[in-house]
1. For the range 71-115, give me each residue that is under 21 Å from Val139 (Cβ atoms), modelled with pLDDT of 90 or more and surrounded by 18 or more Cβ atoms within 10 Å (Cβ to Cβ).
2. Might you check whether a residue that is β-branched (Val, Ile, Thr) and closer than 26 Å to Ala86 by Cβ occurs anywhere in the range 179-195?
3. Report, by residue number, each residue of the range 79-124 that is part of a strand (DSSP E or B) and closer than 18 Å to Val164 by Cα.
4. What's the number of the only condition in (1) in contact with a Leu (Cβ under 7 Å, 6 or more places away or on another chain); (2) over 30 Å from Phe232 (Cβ atoms); (3) assigned to a loop (DSSP other than H, G, I, E, B) that Asp186 fails to meet?
5. Would you please name the residue that is farthest from the chain's Cα centre (by Cα), looking only at residues in the range 189-208 that are surrounded by fewer than 19 Cβ atoms within 10 Å (Cβ to Cβ) and in a loop (DSSP other than H, G, I, E, B)?
6. Got a number for residues in the range 158-183 being among the aliphatic types (A, V, I, L, M) and assigned to a loop (DSSP other than H, G, I, E, B)?
7. Taking the condition assigned to a helix (DSSP H, G or I), modelled with pLDDT of 90 or more and under 30 Å from Gly173 (Cα atoms), does Val58 pass?
Amino acid sequence: MKFKDIKAKIDSNWLSRNLVRGIIYILALVVVTRLLLVVLTQHDIKVKVPDFSGKTLVEATRTANRTGVKLHVVDSVYVNRMRKGAIFAQNPNAGTKVKRGRTIYLTTNAMRTRQVVMPDLVGLSMRQAKSEIASRGLVLGELVYVPDMATNNVLDQMYKGKPVAKGTMLDAGSVIDLKLGLNQYDGYTLVPDLTGDKYLEAVNRVHDNSLNVSKLMFDSTVKSYSDSLNAFVYKQVPPATGRQVRMGGTIRLQLTLDKNKINPPSAKQ
């Protein structure tokens, strides 16, 4: 074998060995880089978002630190029956799977009771008054019907059983009862089917049908005010039969978080 041929063979072997080494080096670099990215970004490592509702920020922060998520308060609301400063809502919701380090955005209950001005509702229709009450941060209470030529016309506005004048400063969340007219010839309504409706939605529909909620009964699955907002009606008395009833009548509602208690809802009225 000539020297030139021997040299070419050596060069070829050298190139082959170095090519293999280069490929191994690149693969090793890719693997190491991938592992570093996983460690630094915690890629594909997910945690379940805890339920922060009803907790104080201190309590929620402890839970967040254990879980590996961050918290950020973005808003506050005033909820009359919830302790001040407690967490009212969160995004993402409890149970959602997120990457470690994800920020959970919170809405808390205001520390101070907000004051609102009582509007003048006399002369409005019940639906107009209901909308005005909600826009002011107040809560519609009992609909009290008395004989009058105009059905559902607001005759008086009451707070804690007494007339309340327009311009009066009240705590947000105060309950306002309405005295309404009832014509004997058209003062009838239908009982709505509330099965599956959430708490506030159900109460809202009861009022829209010119009726009152006589009693709310929450089962053992409902442990906090936040739970009650998510609870839904699984039974009502009287049931929706399609028969007309007198305006101002009452409905008793039973609510739960257990979906197994609910029957397939019929068409809503």
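The values are calculated or read from the model by the stated rules, or taken from the named source; none is laboratory data. Everything numeric in this text was worked out from a predicted model, so none of it was measured. Glycine also receives a Cβ, built like all others from the backbone with ideal geometry; neighbour counts cover every protein chain displayed.
1. Across the range 71-115, the qualifying residues are Ala86, Thr108.
2. No, because not a single residue in the range 179-195 is β-branched (Val, Ile, Thr) and closer than 26 Å to Ala86 by Cβ.
3. The answer is Gln115, Val116, Val117.
4. Here Asp186 meets the rest and fails (1).
5. Here the residue is Pro192.
6. The qualifying residues number 3.
7. yes
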